[in-house]
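The values are calculated or read from the model by the stated rules, or taken from the named source; none is laboratory data. Quick caveat, the model's predicted, so the values are computed rather than measured. When we count neighbours, we look across all protein chains shown, and the Cβ atoms used for this are built from the backbone with ideal geometry, even at glycine.
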Amino acid sequence: MQDDRFTRAALLERVLGDEDIASQIIELVLTDIPIFIQSLNDHLNTNDLAQASGAAHRLKGVAANIGATTLSDLAAHIDSRCRGGSSEGCDEILRDIQKEFEYIKGVLV
């Protein structure tokens, strides 16, 4: 079974071992992902599914680009549900997203 949890080693592999680039990416991730999560939460709370889908899509892309597969998959689930016109179950997925981001922060800091 493959472990899809984010690792710093996987991030370094993605940037060919360049610590400077990895540091820049880490700074952006630690700044931007909380903004995307808050935006997603806000849009879900107001039942603005189009905006929630957009926020989830952005989060999915950033997570995929750094190799955070679990986070990307969770965001993809919300994106898909919102595009389908329903936010049912999104609150629980959002909690999982927040937990996964806490895990990622622990790996990066």
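Quick one: would you say E88 is closer than 17 Å to R5 by Cβ and over 9 Å from the mean Cα position of the chain (by Cα)? Give the steps one after another, and end with the answer.
On the way: closer than 17 Å to R5 by Cβ: no; over 9 Å from the mean Cα position of the chain (by Cα): yes.
Answer is no for this residue.
Quick check on my filter: what residues within the stretch 13-72 are of a type outside the set (G, A, S), touching a Phe, Trp or Tyr at 6+ places or on another chain (Cβ under 8 Å) and not in a helix (DSSP H, G or I)?
Those that are of a type outside the set (G, A, S), touching a Phe, Trp or Tyr at 6+ places or on another chain (Cβ under 8 Å) and not in a helix (DSSP H, G or I): none in the stretch 13-72.
From A63, A68, A76, A52, which residue is buried (at least 21 other Cβ atoms within 10 Å of the Cβ) and modelled with pLDDT of 95 or more? Even if it seems obvious, please write down each step before you answer.
Working: A63 fails: modelled with pLDDT of 95 or more; A68 fails: modelled with pLDDT of 95 or more; A76 fails: buried (at least 21 other Cβ atoms within 10 Å of the Cβ).
Only one candidate qualifies: A52.
Listed residues L30, L11; which is among the aliphatic types (A, V, I, L, M), in contact with a helix residue (DSSP H, G or I) (Cβ under 7 Å, 6 or more places away or on another chain), loosely packed, with under 15 Cβ neighbours inside 10 Å and modelled with pLDDT under 95?
The unique qualifying residue is L30.
Mind counting the residues in the stretch 63-103 that are of a type in the set (V, I, T), under 19 Å from D32 (Cβ atoms) and without any contact (Cβ under 8 Å) to a residue 40 or more places away in the chain?
To start, the set of residues in the stretch 63-103 that are of a type in the set (V, I, T) comprises 66, 69-70, 78, 93, 97.
Retained after the next criterion (residues that are under 19 Å from D32 (Cβ atoms)): 66, 69-70, 78, 97.
Retained after the next criterion (residues that are without any contact (Cβ under 8 Å) to a residue 40 or more places away in the chain): 78.
Selection size over the stretch 63-103: 1.
Cβ-Cβ distance below 7 Å, separation of 6 or more or different chains: which pairs start in the stretch 31-55 with a residue that is under 13 Å from L94 (Cα atoms) and end on one that is in a helix (DSSP H, G or I) and among the hydroxyl-bearing types (S, T, Y)?
A55/S39
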